[in-house]
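Worksheet: the structure to be examined is printed underneath.
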Amino acid sequence: MNVVASAPEGLEKYLAEEISDLGGFKIRINKRFINFECDHPTLYRVHFYSRLAFRFYREIASFTCFDRQSLYEGVRDSFNWLDWLHYEKTFNVQVTGRTSSLSHTHFTALEVKNSITDLQQSVWNKRSNISLDNPHFIIHLHLNNNKAIISLQSSLESLHKRGYRPAVGNAPLKENLASGLIKTTKWNGKSPLIDIMCGSGTFLIEAVNQFLEVPINIDQVYLFENWLDFRKDIYLNEKNKAKNKIINYAKLPKIIGCEINPKVFDQAKVNISLAGLENYIELINNDFLELQSKFMPGIIICNPPYGKKLGDENELIFLYEKMGIFLKNHFSGWEFWLLSGNPKLTKYLKMKASLKIPVSNGGIDCRWIKYLIR
Ligand SMILES: C[S@@+](CC[C@H](N)C(=O)[O-])C[C@H]1O[C@@H](n2cnc3c(N)ncnc32)[C@H](O)[C@@H]1O
């Protein structure tokens with residue numbers, strides 16, 4: 001199978017590594033997505049173990065496409081719709097990209113829909129209904145350079161939603177972005193990990209689950225279950241292996257989250273316990289300035305406020321200055337990783353970066369910056 005996986009911008013390379021470890025091959029890295037090939041077990045497995053992917057799409061057809069007519073005919077003739085899509089099954093169409101004469105995605109999606117339903121109608125005198133919220137199939141069309149690629153989306157929901165986070169604090173990180181950022185630190189699960197402004201606890205939950213390879217999204221109903229070549233036996237085998245996986249929590253080092261805001265702290269507590277990690281992540285409701293370094297050096301992570309408004313920024317300068325001084329005074333020998341969305345503020349840390357990785361956090365151009373605290 002040819003599969004596309006979408007990724008947080010800046011972390012495509014890390015998704016590629018992850019997919020390779022899970023059994024994907026012939027991997028190609030692009031902006032915000034990767035392409036790979038895989039067999040059935042791998043396709044099912046990546047849904048339980050990929051921590052970076054938003055979604056997976058299986059490519060099913062491609063054809064040259066300039067205009068309305070070549071789109072209509074290409075969709076109709078390039079895939080065996082009648083075997084795959086019975087009129088009792090619902091679907092919807094999503095479109096990305098454009099050609100010079102197909103520039104309105106809504107219109108293009110309608111044309112794809114018409115091509116498929118006209119074909120069904122001509123054979124069965126009946127056609128599929130469209131469902132926006134709960135379809136059996138999501139058909140994705142990508143247009144680029146007069147080429148059309150048709151794919152089937154494998155899950156209804158984005159896979160970054162893991163189900164442990166009903167409560168979110170201020171500016172929470174997407175779970176897959178948090179996981180990808182942790183992956184870049186190469187934290188090996190042997191040294192302590194502290195999030196000094198942990199918000200809803202996303203970094204720490206993702207770090208633990210990634211290190212222990214805890215499967216995710218096992219109990220979802222997937223759209224690939226509706227595909228003609230769905231292999232229920234293989235899927236159940238992968239699912240049961242994931243469900244019965246023995247997780248060795250005993251090997252975790254000290255993991256601490258610090259959050260000053262009592263309400264956000266309570267939300268973090270809820271999330272961490274929903275993730276089943278309340279015995280492994282210590283939460284402290286305090287200013288990070290009160291933290292003590294009682295352990296061997298490890299990694300400190302932080303997604304601080306960026307302060308997009310001027311007033312905020314002035315207040316935050318003081319926070320960043322305090323952070324820099326505090327870390328240098330108390331955590332010498334540790335690594336510090338900061339998600340910076342505001343370079344003006346970051347310079348007030350007065351620390352020398354040893355690595356900067358560009359990433360996008362919800363559309364904000366950020367840098368994930370590594371410092372060696374001296
Ligand atoms: C951008 S949010 C972090 C979001 C978090 N990564 C998540 O996914 O939910 C920054 C957090 O830092 C907290 N914070 C601000 N100043 C703090 C301080 N001095 N000590 C500890 N936490 C602080 C805020 O209350 C806020 O929840």
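Every number in this text was worked out from the coordinates using simple rules, so none of it is lab data. Values in this document were obtained by computation on a predicted structure and should not be read as measured data. Cβ coordinates were reconstructed from backbone atoms using ideal geometry, including for glycine residues, and neighbour counts include every protein chain displayed.
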(request) Go through the stretch 181-247 and name the trypsin sites (Lys or Arg not before Pro) that are in a DSSP coil and have 12 or fewer other Cβ atoms within 10 Å of their Cβ. (result) 186, 190
(request) Evaluate the distance, in nm, between pseudo-label points positioned 7 Å from the Cα of residue 317 and of residue 82 along their respective Cα→Cβ axes. (result) 7.3
(request) Quick one: go through the stretch 253-291 and flag any residue whose amide nitrogen is under 12 Å from the point 7 Å out along the Cα-to-Cβ line of residue 156. (result) none
(request) Compare the Cα positions of 227, 198, 215 along the charge dipole of the chain (+1 at Cβ of Lys, Arg; -1 at Cβ of Asp, Glu; about the Cα centre) and return the one farthest towards the positive end. (result) 198
(request) Just need the relative contact order of the stretch 2-153 here, percent rounded to a whole number, with Cα pairs under 8 Å and 6+ apart. (result) 25
(message) Can you pull out the trypsin sites (Lys or Arg not before Pro) in the stretch 62-91 whose DSSP state is coil and whose Cβ has at most 15 other Cβ atoms within 10 Å?
(response) 89
(message) How far apart, in nanometres, would the label points at residue 229 and residue 270 be if each is projected 7 angstrom from Cα along the Cα-to-Cβ direction?
(response) 4.4
(request) Scan the stretch 59-129 for GluC sites (Glu not before Pro) in coil per DSSP, keeping those whose Cβ has at most 10 other Cβ atoms within 10 Å, and list them by number. (result) 88
(request) Provide the three semi-axes, in whole Å and in decreasing order, of the ellipsoid equivalent to the chain as defined by the square roots of 5 times the Cα gyration tensor eigenvalues. (result) 44, 23, 17
(message) Restricting to Cα pairs below 8 Å that are 6+ residues apart, what does the relative contact order work out to for the stretch 258-338? Please round to a whole percent.
(response) 34
(request) May I ask you to derive the FRET efficiency for residue 213 and residue 31 from their Cβ-Cβ distance with R0 = 30 Å, giving the value to the nearest 0.05? (result) 0.60
(request) Return the Cα extents of the stretch 1-133 along principal axes one, two and three, sorted largest first, each rounded to a whole Å. (result) 47, 34, 27
(request) May I ask for log10 I(q)/I(0) of the stretch 71-168 at q = 0.16, 0.20, 0.23, 0.25 Å⁻¹, from a Debye sum over the Cα atoms as equal point scatterers with solvent left out? (result) -0.70, -0.99, -1.22, -1.38
(message) Highest mean first, how do 204-210, 328-334, 340-346 rank when packing is the count of other Cβ atoms within 10 Å averaged over residues?
(response) 204-210, 340-346, 328-334
(request) Using only alpha carbon pairs under 8 Å that are at least six residues apart, calculate the relative contact order of the chain and give it in whole percent. (result) 15
(request) Evaluate the charge dipole of the chain about its Cα centre and quote only its size in Debye, nearest 20, assuming +1 on the Cβ of each Lys and Arg and -1 on the Cβ of each Asp and Glu. (result) 920
